[in-house]
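Take a look at the structure below.
What follows draws every value from the coordinates through simple rules; no lab data is involved. Small disclaimer: the values here were computed from a predicted structure and weren't measured. Positions of Cβ are backbone-derived with ideal geometry, glycine not excepted, and every protein chain shown enters the neighbour counts.
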Amino acid sequence: MALQSLDIIRRSATTTPSPGQRQTPEVAKLIDISKCIGCKACQVACMEWNDTRDDIGTNHGVLDNPLDLTENSWTVMRYAEVETERGLEWLIRKDGCMHCANPGCLKACPAPGAVVQYSNGIVDFHEENCIGCGYCITGCPFNIPRLSKKDSKVYKCTLCSDRVAVGLEPACVKTCPTGAIVFGTKEDMIRHAEERVRELTERGFAKAGIYDPQGVGGTHVIYVLQHADKPEAYCGLPRNPSIGPMVDLWKGAAKPVATLGLAMVAVGAFCHYVTKGPNEVSEEIEKEFEDEK
Amino acid sequence: MKNDPKKILRYTPFERANHWLSAITFILLAISGLAFFHPAFYPLTQLFGGGVWTRILHPFIGAAMAISFGVMFFSYRKLNVITPTDKEWLKHVREVVDGDDRNMPEAEKFNGGQKLMFWLLVGCMALLILSGIVIWRAYFAFLFPAAVIRLASVVHAVAATIMIALIIFHIYAAIWTKESIDAMLYGWVRRPWAKQHHPAWFRQMMGGDK
Amino acid sequence: MKVTRRTFFKVCAGGLGGSTVAMLGFSPDKALAEVRPFKLARSSETRNTCPYCSVSCGLIMHSLGDKAKNAEASIFHIEGDPDHPVNRGTLCPKGAGLVDFIHSPNRLKYPEYRAPGTKEWRRISWDEAFTRVARLMKDDRDRNFIPKNDAGTTVNRWLTTGFLAASASSNESGYITHKAIRSTGILAFDNQARV
Amino acid sequence: MTNHWVDIKNANVIIVMGGNAAEAHPCGFKWVTEAKAHNHAQFIVVDPRFTRSAAVADLYAPLRTGTDIAFLGGVINYLLSHDKIQHEYVKAYTNAPFIVAEGYKFDDGLFSGYDEAGRKYDKATWAYELGPDGYARIDETLQHPRCVLQQLKTHYARYTPEMVSSICGTPKDTFLKVCEIVATTSAPDHTLTFMYALGWTQHSVGSQMIRTAAMVQLLLGNMGMAGGGMNALRGHSNIQGLTDLGLLSDLLPGYLTMPREAETDYQAYIDKRALKPLRPGQMSYWQNYAKFHVSLMKSWFGDSATKENNWCFDWLPKLDKVYDVLQVFELMHQGKLNGYFCQGFNPLAAFPNKAKIGVALAKLKYLVVIDPLATETSCFWENHGEHNDVNPTKILTEVIRLPSTCFAEENGSLTNSGRWLQWHFKGAEPPGEAKPDADIIAGIFLKLRELYRKEGGVFPDPILNLTWNYKRPHAPSAEELAMEYSGKALADLPDPKDPAKTMLMKGQQLDGFAQLRDDGTTACGCWIYSGAWTEKGNMMARRDNSDPSGLGNTINWAFAWPANRRILYNRASCDPAGKPWDPKRKLIGWDGAKWSGADIPDFKPDVAPNDAMNPFIMLPEGVGRLFALDKMAEGPFPEHYEPFETPIDTNPLHPKVISNPAARVFKGDLEAFGKGKEYPYAATTYRLTEHFHFWTKHTRLSSIMQPEQFVEISPELAREKGIKDGDRVKVWSSRGFIRAVAMVTKRIKPLQVNGRTVHTVGIPLHWGFKGLARRGYLANILTPFVGDANTQTPEFKSFLVNIEKA
């Protein structure tokens, strides 16, 4: 068994612990929106590396293309023209899987091993185990996984787990012309991000900050935002993302409670039968009709 | 199969066939649904040819059950109107559970418990159909926002759990009440059975106030 | 057939048993997931330069086969050369998609000929192509070459044929093009410097 | 680029103007983000559109397309009137103290010597006043009323902030903010760099726009400095190389120039170019012209080139005029051309006024297209409905299409914008029967030579005697060709310091152009590339990226021309005494015996500081020219002229002279220029980062990223015209129309110009009737057939259109 399988710390729909003895450094991809020129090199590099090709679409009156994430576009640039106190600002966000520490997709997935989390923090889909139910889409607070029309399996950014496993950075990180995307240990990335926030503050972005939402336990894709007080301005980046009460209930408490409940109904019935015996036609009535014979 | 001329017809062949269609589809749905619901049940997907087939089949089986259950609903909905007698019956349900039905109000074709069960199942079924459509990824889920899908997922799980519990109860009641299963299997019941469990109906079938 | 209560129970028990067995793990389980194999593990690497803009980013091209005699190389992946001082491994959206340029369905594969007034291309051989082009050139040059202008000054120019040179081809191609074209006396000679 | 890509990181202020580096050169643009992050650089973008570059700028200043001279002239005025110039530099290293000849004047939009009928100038008065010694006269006090600095002050005094704002539409306070930031770099240890591209070149006054910025740089003392310079971001990967190699009507390799037909005498041809110094002690490097020229002719014609036949001077065709592409297509349109070759070029899409280009091509007898891709030009005769509505049966052009290899399938070198020649290697076989360009040229040439040999013909000498001693004549290798242009000794060369010793033996590769001779003992195909392949091997393939100075010069990486020099004019990075203006960014220094340092000195290595020799060694006066003498077509100082199609139909500076008076306009094209009344909107064409010209629409990945043609308009114009985001619109000029999707964006702002509102329509140009992306209209359907007066680069950036919902 390849070593990486030992790095799996969490596995969807699995009740027993995953092998977790081997520890690898926790990694993170940092997207510094203040350096991003929206060139889409990351989109191309992603498709090129992963050997996917989206459809050649149409123009919708915006630069965004493909317009949304798809099973073939695991990352897309989203462009927002926002008027701020500094005048017009063009906030361009690279959207894609955030690799949550507490991933909603993994929680929601009913297929054992279709969603896994490695000890380095990467949340990966294993399509051979995927059954195509789309529960991960329901579970994701960032609306990331996409169901393929071709094979009915879900796809999303793998943070190039295959590259990271051999010591390379993800394809989007490597290609990024301006260094808006950088990669390293999460610790280093937080430090790098803090430096960037300091520099942005000096340049007059008083509310610059890091986006590493704690509602999902932190993420392994983090943003530096010029306006961290307004994440929604970045094409609807959620302010406080979390798995949410519904998914928590559905994939949390409901499971044991319901299972137990059903077991109790069954057991209760069994006990009733044992204690009370069958409900048969009374002798009295039987006799009544015997007379008729 | 009417092997005894004195027996009473409780369920027509069509009713029986439809009931068992519902029953079978329900069992398949429960097994496959549970497989998605809790990892402990996931191996049940093997009965359907694996996870992917289970995922594909479940909603279609659901659609089949919805039709069959719908037929039942329309056939039985009038018979299941809850009357004051039924309410009285339900007030005394503890005695029934204890195995003492001597002081119970007279049950019609369906007793108060069965009628309550009927409406609970109808409610669950309605919720399951509606929420099932919302979360049917292949055809409909893309029409709904994530929040609705999340709610529907919970509704589906809760309604399914309740329904499974009700059906366990229903099956148990059938096992516990001897000869009930025969009624649904063969359609005919013995007169003593009818008089014992559904006196009002029995009288009606006998053509008067016997 | 009369199904007794007993047989009914048997069927139920059988079903339950079967599913229990499945649940106990007799069903074929999947191997524990692991990452996708690294696709460049043994590819052949060739150093190149991006042909698009004048940043001239360093590239590493990965091709099939290990350059053995019996293998035909085909480039399947291109990424930036991390040692290159300018691009340091990065590539822009055009450069990152170069592999699709190499394999574009619109790449020309054979010399083609379109006769005057016709609607289609006809495949021809290189020899036919060179012969025809040289013939057209010579006929035009011989007819229209200007050895002396009206004032009697030697000008040795050929104005009725022109040449537009590539600007993404190598210096070596450019050099030999210049050398060959000037020797014919062509003056209508230009490249993409302006546009 | 006078500097190079990595050097941008050393700048304190970066201005992207007349270009959109983030979008067009993203990987080079990384050095802007590096300068911001690690050098606290201020980054300014001046552009009609809020571009992807502007998205990361500290300051964005909008301006109307085609008004850059007004803007930069205003900057010059600001610097002079606020005394924000680098005084010592201006005095020592520019021609500011030089006295301009009497008779030079500028009046109401015209310089002295204008010939209205010929649309050109007699430039006799655009000169220095010469002393009796033949040297130019200077006034060290800079007070002489005719000295360049005083003339400069007078000329640009008209460019007040109010005037700038009125012409350009730039808000006055934004303009002044730009000036303030620019002015900070007049400090000797602060530099500004300009990054520009086709946004400056593609105007009828494009060259002068660039000159204006260069003058700003001279005034600020930023030329020759690390983190300074004038940085032209070239287009194609090897357009720098092709330009260096002189593949232009009037050039020979290495910026040698073709003889005009009036130049019948070889020696006169040489003397005119071997410029004598205009000030005492100057190097005036072009004095070596004959060495470069003779070595070139030896390289091309070998033993046939002899002193006796003036090194085959007569074999070079003589120009009666410049045959730039506009001229050639004009002639083609008149039916005066029979044959045309397009090698890796798509003129149907790339030259202005597609309709005219298409008609011109149809008048050819034969067209040969050499390309890796199925271009529109090769298919100009195909009917593609609304996108190319022609009748093939009526087009009698014979078309031969020859498949060439692409970069991945050949060895060779490309010269980047920073003048680096970098070698690349073949990684795979070409598809089908495609051949490298060199093989195709060889195939055609050898067949032509064979015909001349067999049949004889008109003036076959240069064809028959062209050197062609390649090991495989039908497939000359890139290595052989590189060695040829780098140059070799044709005889044993004695060492100039000690003639008893041999510097190079016959047949050895030259070390550099310093070894070239005018006696026929050296051959070199491109003197500025000399040293690219020496006896040590292929210098272009060097891979040592070490950077000991930290300035990013990596002088052991590949080869940079000239002489592996990374920053041109680097002598100017030191003061006259030889001390670097900024010790932290020391490029070179005088060590007591010679110049040396982190770069190859752009100077005579053994001339001491404080000697008379000045840093701009290619020029006869040795200093940078604020006053351009007779080198520019439309005047020695840049003046704002409106685009030929101007939305305001006037020139606020001089209403009588609206557009470039010296630009060449063909009959028929002048009449076709649109007027503001019919075509009220300023339009500009440009590239997007997702695509490369008309090339990447054949590439699936690029086509996915930006699949369909669109035009950009402001919400205000959209409202006026009832256009919604995503609607289809029709855009038309006096030459034709296109249909595209409307992108309504706040990034294009209406501007207040000369008391009225001017709207801009932005037209990206990447689509056509061939390729994988959605079919579209070639954007050059709209553009005017007129070019810059000096370079004839078409005015793609400023013209007029109208727009409506389709």
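With each pseudo-label sitting 7 Å past Cα toward Cβ, what's the D:Asp108-C:Ala71 distance in nm, one decimal?
7.8 nm
Taking the Cβ of each residue in A:Thr16, D:Thr646 as the centre, tally the other Cβ atoms inside 10 Å and list the residues starting with the fewest. Intermediate results must be reported in sequence, preceding the final value.
On the way: A:Thr16 7, D:Thr646 27.
Going from sparsest to densest Cβ surroundings: A:Thr16, D:Thr646.
Helix B:51-76 against the longest principal axis of chain B: what's the angle in degrees, Cα atoms only, rounded to the nearest 10?
Tilt of helix B:51-76: around 30 degrees.
When Lys and Arg each count +1 and Asp and Glu each count -1, what net charge do the other residues less than 14 Å away from C:Asn106, Cβ to Cβ, add up to? Walk me through the numbers on the way to the answer.
Details: positive: C:Arg107, C:Lys109, D:Arg401, D:Lys697, D:Arg700, D:Lys770, D:Arg775; negative: C:Asp100, C:Glu112, D:Asp371, D:Glu376, D:Glu382.
So the environment of C:Asn106 carries a net charge of +2.
For the pair D:Ala514 and A:Glu195, how long in nm is the line joining their label points, each one 7 Å along Cα→Cβ?
4.1 nm
Can you check what the net charge comes to around D:Ser284, using other residues whose Cβ is under 10 Å from the Cβ of D:Ser284 (Lys, Arg +1; Asp, Glu -1)?
Values: positive: D:Lys276, D:Arg279; negative: D:Glu621.
Charge balance near D:Ser284 sits at +1.
State which entries of D:Lys172/D:Lys749; D:Lys276/D:Lys631; A:Lys156/A:Lys207; D:Lys91/D:Lys153 exceed 19 angstrom in Cα-Cα distance in the structure shown.
Working: D:Lys172/D:Lys749 16 Å; D:Lys276/D:Lys631 16 Å; A:Lys156/A:Lys207 31 Å; D:Lys91/D:Lys153 15 Å.
Where the Cα-Cα span goes over 19 Å, the pairs concerned are A:Lys156/A:Lys207.
Enumerate by residue number the GluC sites (Glu not before Pro) in the range D:26-117 meeting two conditions: DSSP loop (anything except H, G, I, E, B), and at most 16 other Cβ atoms within 10 Å of the site's Cβ. Mind showing how you got there, number by number?
Details: sites: D:Glu34, D:Glu88, D:Glu102, D:Glu116; in loops: D:Glu102, D:Glu116.
Those that pass, being in a loop and sparsely packed, are D:Glu102, D:Glu116.
How far apart, in nm, are two points set 7 Å out from the Cα along the Cα-to-Cβ line at B:Ala147 and at B:Ile181?
4.9 nm
What is the range D:697-790 by shape, rounded, prolate or oblate, if you read a ≥ b ≥ c off the alpha carbon gyration tensor as root eigenvalues and call it rounded for a/c under 1.5, prolate for a/b larger than b/c, and oblate otherwise?
Numbers: a/c = 2.08, a/b = 1.32, b/c = 1.57.
Judged from the Cα gyration tensor, the range D:697-790 comes out oblate (a/c at least 1.5, b/c at or above a/b).
What do you get when you divide the Cα radius of gyration of the protein assembly as shown by 2.2 N^0.38 Å, with N the number of residues? Write out the running numbers ahead of the final one.
Details: Rg = 41.0 Å, N = 1504, 2.2 N^0.38 = 35.5 Å.
It is 1.15.
With an 8 Å cut-off on Cα pairs and a minimum separation of 6 or more residues, tell me the relative contact order of chain A in percent. Intermediate values should be presented prior to the final figure.
Working: 523 pairs, mean separation 65.1, N = 293.
Here the relative contact order equals 22 percent.
With a cut-off of at most 16 other beta carbons within 10 Å, and DSSP calling the residue loop, which GluC sites (Glu not before Pro) in the range A:155-254 qualify? Please list them.
Details: sites: A:Glu187, A:Glu194, A:Glu195, A:Glu199, A:Glu202, A:Glu232; in loops: none.
Those that pass, being in a loop and sparsely packed, number zero.
Using a Förster distance of 60 angstrom, determine the FRET efficiency expected from the C-beta separation of B:Trp53 and D:Glu433, and round it to 0.05.
0.75
Computed from the mean reciprocal separation of all distinct C-alpha pairs, what Kirkwood hydrodynamic radius does chain B have, in Å? Working shown, then result.
Working: mean 1/r = 0.0530 Å⁻¹.
Value: 18.9 Å, from the Cα pair sum.
Reachable lysines from D:Lys656, Cα under 18 Å, same-chain residues fewer than 8 places away excluded?
Cross-link targets: D:Lys105, D:Lys120, D:Lys675.
Can you list residues from other chains, or at least 5 along the same chain, whose modelled amide H is less than 5 Å from the amide H of C:Leu59?
Close amide H contacts, sequence-distant or interchain: C:Asn48, C:Thr49, C:Cys50, C:Asp81.
Using helices alone, what [θ] at 222 nm do you get for the protein assembly as shown, with -39,500 (n - 2.57) per DSSP H run of 4 or more residues, divided over all residues and rounded to the nearest 500? Please list the in-between numbers first.
Numbers: 45 runs with 475 residues, N = 1504.
Helix contribution divided over all residues of the protein assembly as shown: -9500 deg cm²/dmol.
Take every DSSP beta bridge whose two residues both sit in chain A, then give the antiparallel share in percent to the nearest 5. Write down the numbers at each step before the final one.
Values: 27 of 31 bridges.
DSSP beta bridges in chain A are roughly 85 percent antiparallel.
Taking only complete DSSP H runs, can you tell me which helices of chain A stretch 30 Å or more along their own long axis by Cα positions and average at least -1.0 on the Kyte-Doolittle scale? Spell out each step's value before the answer.
On the way: long enough: A:254-276 (32 Å, 1.07).
Once both thresholds are applied, what remains is A:254-276.
Under 13 Å from the Cα of D:Lys84, which aspartates and glutamates turn up, not counting those fewer than eight places away in the same chain?
The qualifying aspartates and glutamates are D:Glu180.
At a 10 Å Cβ-Cβ cut-off, how would you order D:Arg119, D:Arg700, B:Arg150, B:Arg190, fewest neighbours first? Walk me through the intermediate numbers first.
Numbers: D:Arg119 15, D:Arg700 22, B:Arg150 25, B:Arg190 19.
In order of increasing Cβ crowding within 10 Å: D:Arg119, B:Arg190, D:Arg700, B:Arg150.
Give the aspartates and glutamates whose C-alpha is closer than 16 Å to that of A:Lys276, dropping any in the same chain fewer than 8 places away, or say none.
B:Glu95, B:Asp98, B:Asp100, B:Asp101
Using alpha-carbon pairs under 8 Å, 6+ residues apart, how would you state the relative contact order of the range D:669-805 in percent? Mind showing how you got there, number by number?
Working: 304 pairs, mean separation 51.0, N = 137.
Once normalised by length, the contact order is 37 percent.
Find out how many positive minus negative residues lie around D:Asn238, taking Lys and Arg as positive, Asp and Glu as negative, among other residues whose Cβ is under 13 Å from that of D:Asn238. Before the final figure, lay out the partial values.
Numbers: positive: D:Arg234, D:Arg419; negative: C:Glu172, D:Asp244, D:Glu410, D:Asp437.
With Lys, Arg at +1 and Asp, Glu at -1, the net is -2.
List the GluC sites (Glu not before Pro) within the range D:360-453 that fall in a DSSP loop (any state other than H, G, I, E or B) and whose Cβ has at most 16 other Cβ atoms within 10 Å. Mind showing how you got there, number by number?
Values: sites: D:Glu376, D:Glu382, D:Glu386, D:Glu398, D:Glu409, D:Glu410, D:Glu433, D:Glu450; in loops: D:Glu376, D:Glu382, D:Glu410, D:Glu433.
When the GluC sites (Glu not before Pro) of the range D:360-453 are filtered for loop state and at most 16 Cβ neighbours within 10 Å, D:Glu433 remain.
Quick one: compute the contact order of chain D, relative version, from alpha carbon pairs under 8 angstrom and 6+ residues apart, as a percent. Working shown, then result.
Numbers: 1846 pairs, mean separation 133.4, N = 806.
Relative contact order for chain D comes out at 17 percent.
By count of other Cβ within 10 Å, fewest leading, how are B:Trp119, D:Trp420, D:Trp527 ordered? If you can, show how the numbers build up before the last one.
Numbers: B:Trp119 14, D:Trp420 27, D:Trp527 30.
The most exposed by this proxy come first: B:Trp119, D:Trp420, D:Trp527.
Only helices at least 24 Å long along their own axis, judged from Cα atoms, and with Kyte-Doolittle mean hydropathy of -0.5 or greater: name those in chain D from DSSP H.
Numbers: long enough: D:437-455 (27 Å, -0.06).
Length and hydropathy pass: D:437-455.
Counting DSSP beta bridges with both partners in the protein assembly as shown, what percentage is antiparallel, nearest 5?
Numbers: 97 of 150 bridges.
Counting DSSP beta bridges with both partners in the protein assembly as shown, the antiparallel share is about 65 percent.
Classify the range D:753-806 from the C-alpha gyration tensor, please: rounded if a/c falls under 1.5, else prolate or oblate depending on whether a/b exceeds b/c. All intermediate terms of the calculation are to be shown ahead of the outcome.
Values: a/c = 3.01, a/b = 1.25, b/c = 2.40.
Oblate is the answer for the range D:753-806, as a/c is 1.5 or above yet b/c matches or exceeds a/b.
Using the structure shown, select from C:Lys109/D:Lys394; D:Lys36/D:Lys177; C:Lys94/D:Lys356 the pairs with a Cα to Cα distance greater than 22 angstrom.
Details: C:Lys109/D:Lys394 27 Å; D:Lys36/D:Lys177 18 Å; C:Lys94/D:Lys356 31 Å.
Exceeds cut-off: C:Lys109/D:Lys394; C:Lys94/D:Lys356.
Step through the table entries A:Lys29/D:Lys9; D:Lys30/D:Lys579; A:Lys94/A:Lys186; A:Lys40/D:Lys584, compare each Cα-Cα distance with 28 Å, and write down the pairs that go over it. Walk me through the intermediate numbers first.
Working: A:Lys29/D:Lys9 24 Å; D:Lys30/D:Lys579 31 Å; A:Lys94/A:Lys186 19 Å; A:Lys40/D:Lys584 36 Å.
Violating the 28 Å Cα-Cα cut-off are D:Lys30/D:Lys579; A:Lys40/D:Lys584.
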